[in-house]
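What follows is calculated from the coordinates using simple rules that are stated; it is not laboratory data. Given the structure is predicted, the values throughout are model-derived calculations rather than measurements. Cβ sites come from the backbone with ideal geometry, for glycine too, and all protein chains shown count toward neighbours.
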């Protein structure tokens, strides 16, 4: 039955691409107020499209910032599940503009890729969903599932208003599960299920010694050096085996199962040496780099500074030294508890003769994970494989996507991350593009998926 | 016999102070080319004074920078020793000028102190020597010792040309011993012999990981963090007992003798907590802060930096981290050998996954020390005590005075550091001053000293 929808997509490919290009031509840069009208225009494009599809309650919902596009489809009947579809229509700025080979807002196809700002992140992927809805409605007269559409205009500026909206209008966005297409595959044409994201927390440590920089000749030998004190504190927190040595840090970590280890092994992994210029990879003792990046917590010093930074030499004992630290957390770990453990450790390891202050970063998030063998995930893998003709790999990601954590914490619904981007898409950079392969096969995947989950 | 000279100084005190004021009124700021003529004028003042005293070979010796004033006195006869007297006539800038309570170049006496730029560092102390020569010549018709005068105009800008002059004109400056009055006493009216200075060496360590800053979510767990790597390296170099843990670092250190420990104990020491705002002092295990600052080598991180230093959080693995390190060395230690030991240690402790580069700082110097029981030192202590009426204390200093190291390395002659400044003199700061007590008693000390060493 889904074949008809697929045929529709094939037959109307040119018209759909033309319509996508119209969407991509709107410079909906959310961070720059010069483009405020264009951001509105992109929202209007979606509203019009959803109205054409006869979705209900189509609204451009005003926020303190850019509007959120909401719509519902309830035609699948009460027995069919309801999916919350999340995406965003705003895009990143285009600087440096001179590095673009074609106008970022005049979409152009070169070598099988569609070049335009937003082609991959996230207008292209949002459009694919709407086109699939169109294909079903035009061929079957109805969708296999009920839908709640939530497409925001502020993702690239931190989704400033979304959390409050989701929290305050819980009923409105309630669904059986969520689908988000704002991520990628590990390689082109490699079906990829992202089934976990890391959480996040951070602290800043400031070590203060003397109340001003001191002459190292007159005071060296009587005064503790704050940089050296901070180095001792930091090196007590993670050893050279990349094991975090903070008491209790791993206590609540959900272990990587043997099944997961197999999944991780199957996923093609980036050649880190090649892509980053390092001499060799390092990872936590007992874990491969892929296992560590995907499934084990990390501890990174993001910045450190103290004393003299200029040319040559200045023979001082500096007054102060500071380190900024963030940790990526895995399921089981509580960000606030981890912050407390970090603070306790620092205070315990602070040497005499200096004062040590720990500032807890406000921004923190729990990790997110859905079981890879959850039926909704397994169906997604099947759809992918059916369309791309290749076994789906399952990965977890070291990064965090705030909206995922919010949907998880507010609604506790399964979230399916169905991304079709590729590592070559150059998100946020000049010459962003999206492979037409992904456009075609991704829409097929979605057609199969909605058909497969109509009874889940 | 020296009493006549002392009487002369007392009787002519007003005239001498007036003459000193004339010298102090010349703004001989060596670092600022605006004052080039004034620097010359200060040199001319000295040339005129030395000519009035009938010194021989009085010359304003041109250099690539400011001139050096040279003169000789050979009237003491062949059996008398020859002293090389070093001082400098240039001064520091006066900024911030609005913090001066009186014009820095209009000397003014307040509460027993003479306020003027250079009053203590070093014009005041240079003038005392010339005044003492005058007193001897006017009363005895001769000096007890032969003299070579070397007064430079570039001390405050690093004595740029002096080393080459001393090296190339070795014969000219050759003497039996040197006397320098460009330092201070540990407290006002506390006779102080400075019998040792520390040496100096330094390295800069740069740890490089990835060739650009990386997203901590995508790469954390596969890539070594350069800041953490550097922290491990640094913390392996000095422990929390303030013991330097670099292999071989202490091998050649001349130990502090029991006799020295007693001398150090006798010297009044600064209240570091009070003066620097630290919570408590720390020093090498087994040594007091005074022993460590005076007689044990030190290792200080003068600056460290890497990664993000702005507000809030940036979740990166930084590409690079750098630390600047200097060590103060004691007699026995060779700066180049120490640099090599530091470099070897760093290379040995560099963890995998990062590249570590060590840059050796060019500027380095050996420590200087004269035996406190050397007859020239003992005579100096006696002279001090006779004049100030108080037992002389013996101290070593954690700092370095380049000219001392140069005279030591080029001539290998004993150097007597006869300083009359006080900790309250505010060298290099607004409201520099010099106590008139030091002026009077310091000149007396010099009268006694020349008389005592005429047969040493």
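Peptide B:270-277 has a mean shielding of 5, counted as Cβ atoms of other protein chains within 10 Å of each residue's Cβ. Each copy carries a label point for residue B:245 at 7 Å from Cα toward Cβ; from one copy, the others' points are 0.9 nm away, ordered from shortest.
Using the beta-carbon distance between residue A:309 and residue B:189 and R0 = 45 Å, what value does 1/(1 + (r/R0)^6) give for FRET efficiency, to the nearest 0.05? So, using R0 = 45 Å, E works out to roughly 0.60.
Counting Cβ atoms of other protein chains within 10 Å of each residue's Cβ and taking the mean over peptide A:317-324 gives 4. Exposure proxy shown here: for B:128, A:452, the number of other Cβ atoms within 10 Å sets the order, fewest to most, as A:452, B:128. The length gained on full extension between residue A:240 and residue A:138, counted as 0.36 nm times the residue separation minus their Cα-Cα distance, comes to 30.7 nm. The alpha carbons of the protein assembly as shown stretch over 125, 51, 46 Å along the principal axes, in descending order. In the stretch A:184-301, inverting the average of 1/r over every pair of distinct C-alpha atoms gives 17.9 Å as the Kirkwood radius.
Relative to the longest principal axis of the Cα atoms of chain A, the long axis of helix A:402-411 lies at roughly 70 degrees. Taking the average, over residues, of other Cβ atoms within 10 Å as the packing measure, peptides A:227-236, A:171-180 rank A:227-236, A:171-180 from highest down. Go ahead and run the numbers for FRET between residue A:391 and residue B:215, Cβ-Cβ distance against an R0 of 25 Å, rounding to 0.05. Once the sixth-power term is evaluated, E becomes 0.35. By the count of neighbouring beta-carbon atoms within 10 Å, fewest first, A:110, B:13 end up ordered A:110, B:13. Model label points for residue B:34 and residue A:37, set 7 angstrom from Cα along the Cα-to-Cβ axis, are 5.5 nm apart. Classify the stretch B:87-171 as rounded, prolate or oblate from the Cα gyration tensor: take a ≥ b ≥ c as the square roots of its eigenvalues, call it rounded if a/c is under 1.5, otherwise prolate when a/b beats b/c and oblate if not. In terms of gyration-tensor shape, oblate. Antiparallel beta bridges, as assigned by DSSP with both residues in the stretch A:29-175, represent about 60 percent of the total such bridges. If both residues of a DSSP beta bridge must be in the protein assembly as shown, then about 70% of such bridges are antiparallel.
Relative contact order for chain A using alpha-carbon pairs under 8 Å, separation at least 6, rounded to a whole percent? Result for chain A is 25 percent. Annotation: the antiparallel percentage among DSSP beta bridges lying fully within chain A is about 70.
For chain A, the longest principal axis of the Cα atoms and the long axis of helix A:13-24 meet at an angle of about 40 degrees.
Where in the stretch B:200-235 does the amide nitrogen come within less than 20 Å of the point 7 Å from the Cα of residue B:336, taken along Cα to Cβ? Taking a point 7 Å out along Cα→Cβ of residue B:336, the residues of the stretch B:200-235 whose backbone N falls under 20 Å are B:200-204.
How are the alpha carbon pair distances in the stretch B:264-314 distributed across 10 Å bins from zero to the largest one, expressed in percent? All Cα pairs, binned at 10 Å, distribute as 19, 36, 22, 16, 7, 0 percent. Here the extension length gained between residue A:102 and residue A:271 equals 57.9 nm, from 0.36 nm per residue of separation less the Cα-Cα distance.
Look at the stretch B:230-242: the mean tally of other chain Cβ atoms within 10 Å of its residues' Cβ atoms is 6. Using the Cβ-Cβ distance between residue A:359 and residue A:3 with R0 set to 56 Å, the FRET efficiency works out to roughly 0.45. Which of the three applies to the stretch B:1-143, rounded, prolate or oblate, going by the alpha-carbon gyration tensor with a ≥ b ≥ c and a/c under 1.5 meaning rounded? Judged from the Cα gyration tensor, the stretch B:1-143 comes out oblate (a/c at least 1.5, b/c at or above a/b). Taking every DSSP helix (H) stretch of at least 4 residues in chain B, weighting each as -39,500 (n - 2.57) and dividing the sum by the residue count yields a mean residue ellipticity at 222 nm of -10500 deg cm²/dmol. Overall shape: prolate for chain A, with the ratio a/c of the largest to smallest alpha carbon gyration tensor axis at 1.5 or above and a/b above b/c. Fewest neighbouring Cβ atoms within 10 Å first, the residues B:22, B:284, B:155 line up as B:22, B:284, B:155.
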